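Structure first, commentary second.
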Amino acid sequence: MKSLLFICTGNVFRSMVAEYALKAQLGPEPGLVVGSAGTDAEPAELHPLIRDYLVTKGADPSRHAQRKLTHELLDGADLPIAMGLNHREYIRRHFSRDVRLFNEICYAKMEPVLDVHEAIPDWEQNQEAAYRYALSVIDYIWAATPALIAKLPHR
């Protein structure tokens, strides 16, 4: 395997966190390209809370460039990984390709990693809960990354 691509909606939260968690935990891995992309990827800044929390974990997302999922990116990935069910369905519909979920690979669970607005519907009025949830997702992805590494096809 030479490349892995995490996919979420905006490429500024879940897929980006998974990308940087894997890069940080693998260290320099010759020949393995790890990236991320979003199904929508509307221009958005990386939230300082997410950036700063990743830095405390040993990742440096300061050079992250948000990307929209394209045929070229998807076709270039040996292992594309969807963070949510909606991403998997989007890829099926727009690219005629089946991909596995993050939790499916890590834990053999058909469960999505929910975005903040999915887990906290009133997130705009409940910023404290939204922040706590966002940090818990980072912790979850970070803790799941060793399971992902263990399940990666031989590099």
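The values are calculated or read from the model by the stated rules, or taken from the named source; none is laboratory data. On a predicted model such as this, the values are computed, not experimentally measured, just so you know. Here the Cβ positions follow ideal geometry from the backbone for every residue, glycine too, while neighbour counts run over all protein chains shown. Ligands, DNA and RNA are excluded from the accessible area calculation, which covers all protein heavy atoms including side chains. Shrake-Rupley method; radii C 1.70, N 1.55, O 1.52, S 1.80 Å.
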Exercise. Among the numbered criteria (1) of a type in the set (A, V, I, L, M, F, W, C); (2) assigned to a strand (DSSP E or B); (3) open to solvent by 40 Å² or more (accessible area, probe 1.4 Å), which single criterion is violated by Leu4?
Worked result: (3)
Problem set entry | Pairs where the first residue, in the range 6-19, is closer than 15 Å to Gly76 by Cβ and the second is acidic (Asp, Glu) and part of a helix (DSSP H, G or I), C-beta under 7 Å, 6+ apart | Phe6/Glu19
Seminar exercise, completed: Note on Asp78: of the conditions (1) in contact (Cβ under 8 Å) with a residue 24 or more places away in the chain; (2) farther than 20 Å from Pro146 by Cα; (3) among the charged types (D, E, K, R), unmet is (2)
Exercise. Does Arg88 satisfy being open to solvent by less than 50 Å² (accessible area, probe 1.4 Å), within 27 Å of Tyr133 (Cβ to Cβ) and of a type in the set (Lys, Arg)?
Worked result: yes
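Among the acidic types (Asp, Glu), in a helix (DSSP H, G or I) and open to solvent by less than 90 Å² (accessible area, probe 1.4 Å) - does that describe any residue in the range 65-84? Give the derivation first.
Residues of the range 65-84 that are among the acidic types (Asp, Glu), as a first pass: 72, 75, 78.
Keeping just the survivors that are in a helix (DSSP H, G or I) gives 72, 75.
Checking which are open to solvent by less than 90 Å² (accessible area, probe 1.4 Å) leaves us with none.
No.
Determine whether the range 77-95 contains at least one residue that is out of contact with any Leu (no Cβ under 9 Å at 6 or more places or on another chain), modelled with pLDDT of 95 or more and hydroxyl-bearing (Ser, Thr, Tyr). Please lay out each step first, then the result.
We begin by selecting, within the range 77-95, every residue out of contact with any Leu (no Cβ under 9 Å at 6 or more places or on another chain); these are 86, 89, 92-93.
Still in the list and also modelled with pLDDT of 95 or more: 86, 89, 92-93.
Among the residues that remain, those that are also hydroxyl-bearing (Ser, Thr, Tyr) are: none.
So far as the range 77-95 goes, no, none of its residues is out of contact with any Leu (no Cβ under 9 Å at 6 or more places or on another chain), modelled with pLDDT of 95 or more and hydroxyl-bearing (Ser, Thr, Tyr).
One line per residue, one yes/no per condition, for (1) assigned to a helix (DSSP H, G or I); (2) within 19 Å of Glu19 (Cβ to Cβ); (3) aliphatic (A, V, I, L, M):
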position	(1), (2), (3)
Arg88	yes, yes, no
Arg97	no, no, no
Arg132	yes, no, no
Ile138	yes, yes, yes
Exercise. Is it the case that the range 46-58 has a residue that's open to solvent by less than 60 Å² (accessible area, probe 1.4 Å), closer than 25 Å to Met110 by Cβ and in contact (Cβ under 8 Å) with a residue 24 or more places away in the chain?
Worked result: no
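If you scan the range 7-45, which residues turn out to be touching a Phe, Trp or Tyr at 6+ places or on another chain (Cβ under 7 Å) and closer than 20 Å to Cys106 by Cα? Outline the logic, then answer.
Of the range 7-45, the ones touching a Phe, Trp or Tyr at 6+ places or on another chain (Cβ under 7 Å) are 15, 18-19, 21, 36, 39.
Matches in the range 7-45: Ser15, Ala18, Glu19, Ala21, Ser36.
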Seminar exercise, completed: A careful count of residues in the range 101-146 that are of a type in the set (A, V, I, L, M), surrounded by 12 or more Cβ atoms within 10 Å (Cβ to Cβ), touching a strand residue (DSSP E or B) at 6+ places or on another chain (Cβ under 7 Å) and free of Cβ contacts under 8 Å to residues at least 40 places away in the same chain gives 1
